[in-house]
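Below: one structure, written as structure tokens.
The values are calculated or read from the model by the stated rules, or taken from the named source; none is laboratory data. Just so we're clear, the structure is a prediction, and the values are computed from it rather than from any experiment. All Cβ positions, even for glycine, are placed from backbone atoms using ideal geometry, and neighbour counts span all protein chains on display. Ligands, DNA and RNA are excluded from the accessible area calculation, which covers all protein heavy atoms including side chains. Shrake-Rupley method; radii C 1.70, N 1.55, O 1.52, S 1.80 Å.
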Amino acid sequence: MKDYDSIAKNLLEHCPDPAKAYVLEIGSDAHGGMLQSLAPLVRKVVGINIIGNPSIDAPNASFCLGDIRHTDFADNSFDLAVSYAVFEHVRGIEEALEEIHRVLKPGGAFITTFGPVWSCMWGHHLWVRKPERHVYNQPPHLPPYCHLLMEPEDLRAELEGKHAAEVADEIVKFVYQSDEQNQVHHDAYVKMVKASKLEIVALRSHRNTKLEEAYLAGRDPLESYLERLEKKLGPGDYLSASLSLRLRKPG
Ligand SMILES: C[S@@+](CC[C@H](N)C(=O)[O-])C[C@H]1O[C@@H](n2cnc3c(N)ncnc32)[C@H](O)[C@@H]1O
């Protein structure tokens with residue numbers, strides 16, 4: 001279980017007066033943990049997700065089933081929109097940004113942290129996938145950047161003998177075809193945010209050097225992967241594993 005109390009506090013860190021804010025939490029977790037943590041800190045909070053039905057024990061918190069790309073909320077409803085670990089899963093980022101802009105009050109903020117995983121070394125959330133939950137914690141991991149540099153059949157060959165055949169098949173399918181994460185690169189997120197109607201107050205990208213080291217152990221040096229990526233896909237940020245944004249609706 002994530003520490004939603006500290007995630008909620010971090011998301012609200014720079015908000016001038018969260019206790020007065022009506023907040024939209026985008027992509028609420030299945031158990032309503034984040035809604036529960038946000039409730040005592042804000043005036044009112046509503047969560048939205050395309051799936052789920054969390055039970056929440058707080059009078060000022062509620063949940064609605066819905067898609068952040070097209071919601072039923074009135075224009076200028078919210079003082080604040082927040083989300084954690086969601087935007088690597090949303091398909092249609094531009095539509096979502098447009099909708100968030102619509103439902104925020106002028107001067108309202110959108111604060112989010114997520115992983116632009118597709119352009120980084122691992123590219124997926126395989127480790128939350130059963131039965132391969134252990135893949136994340138027990139090296140050897142998949143080859144760095146395999147989703148960008150290797151063909152599926154080459155990855156399948158690489159996994160031969162390391163996993164049961166059906167598990168290896170499932171890993172390959174998940175890495176290349178899973179719709180659990182979008183395939184948006186870090187720089188494309190930044191481009192879409194810059195092109196949106198929301199102003200950028202802060203944009204910070206972070207590497208996960210510990211996980212990079214684990215992926216690179218016994219492999220080629222990082223520079224050789226970066227060279228191959230640049231040759232195949234062009235220049236770009238292939239290292240950032242998380243992106244924190246603080247955006248503001250002008251007005
Ligand atoms: C990795 S989960 C994160 C959940 C939660 N925020 C947390 O930190 O535990 C990503 C969530 O985003 C939701 N999601 C994906 N696309 C969405 C959309 N268009 N509108 C609302 N939620 C969406 C998914 O259903 C999923 O529950």
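Once you reduce the range 56-82 and the range 191-219 to the center of their Cα atoms, the two points are 27 Å from each other. Give the residue from Thr112, Ile50, Pro143 lying farthest towards the positive end of the charge dipole for the chain; charges sit on Cβ (+1 for Lys and Arg, -1 for Asp and Glu) and the dipole is referred to the Cα centre. After comparing all options, I get Thr112. Taking a 31 Å limit on the Cα-Cα distance, which of the listed pairs Lys2/Lys173; Lys2/Lys210; Lys210/Lys249; Lys191/Lys231; Lys44/Lys210; Lys2/Lys249 fall beyond it? Exceeds cut-off: Lys210/Lys249; Lys44/Lys210.
Simple spin-label estimate for Asp17 and Glu227 gives 5.8 nm between the two label positions (7 Å along the Cα-to-Cβ direction from each Cα). On full extension, the segment bounded by Lys210 and Asp237 gains 8.0 nm, given 0.36 nm per residue less the C-alpha separation. Per residue, the accessible area of the range 1-160 comes to 46 Å² when a 1.4 Å probe rolls over the protein heavy atoms. Hydrodynamic analysis of the range 210-251 uses the Kirkwood radius over alpha carbon pairs. Inserted into Stokes-Einstein at 10 °C and 1.306 mPa s, it gives a translational diffusion coefficient of 123 µm²/s.
Label-to-label distance for Ala74 and Arg43 is 1.3 nm, based on points extended 7 Å past Cα in the beta-carbon direction. Dividing the summed helix terms, -39500 (n - 2.57) for each DSSP H run of n ≥ 4, by the number of residues in the chain produces a 222 nm estimate of -9000 deg cm²/dmol to the nearest 500. Rounded to the nearest 20, the Cβ-based charge dipole of the chain about its Cα centre (Lys and Arg +1, Asp and Glu -1) stands at 780 debye. With both residues required to sit in the chain, DSSP beta bridges show an antiparallel share near 40%.
Projection of the Cα convex hull of the range 169-251, averaged over all directions and equal to a quarter of that hull's surface, yields 7.4 nm². Of the residues Gly218, Gly236, Gly47, the one that moves most in a GNM of the chain with alpha-carbon contacts below 10 Å is Gly218.
Net charge of the neighbourhood of Gly32, taken over other residues with C-beta under 11 Å away and scored Lys/Arg +1, Asp/Glu -1, is -3. Note on the range 13-85: with charges restricted to the Cβ of Lys and Arg (+1) and Asp and Glu (-1), its dipole about the Cα centre is near 100 debye. With the highest mean first, a sort of the peptides 225-233, 104-112 on other beta-carbon atoms found within 10 angstrom per residue produces 104-112, 225-233. Shape analysis of the chain based on the Cα gyration tensor places the equivalent ellipsoid semi-axes at 35, 20, 15 Å, largest first. Annotation: His185 carries an accessible surface of approximately 50 Å², with a 1.4 Å probe and no ligand, DNA or RNA atoms counted. Near Val46: Cβ cut-off under 15 Å, other residues only, Lys/Arg at +1 and Asp/Glu at -1. The net charge is -3. Taken about its Cα centre, the range 5-144 carries a charge dipole of roughly 260 debye when the Cβ of each Lys and Arg holds +1 and the Cβ of each Asp and Glu holds -1.
The share of alpha-carbon pairs in the range 50-101 lying farther apart than 17 Å comes to 44%.
Let me know the shape class of the range 1-141, please: from the alpha-carbon gyration tensor, a ≥ b ≥ c as square roots of the eigenvalues, rounded when a/c is under 1.5, otherwise prolate if a/b is greater than b/c, or oblate. It comes out prolate by the Cα gyration axes.
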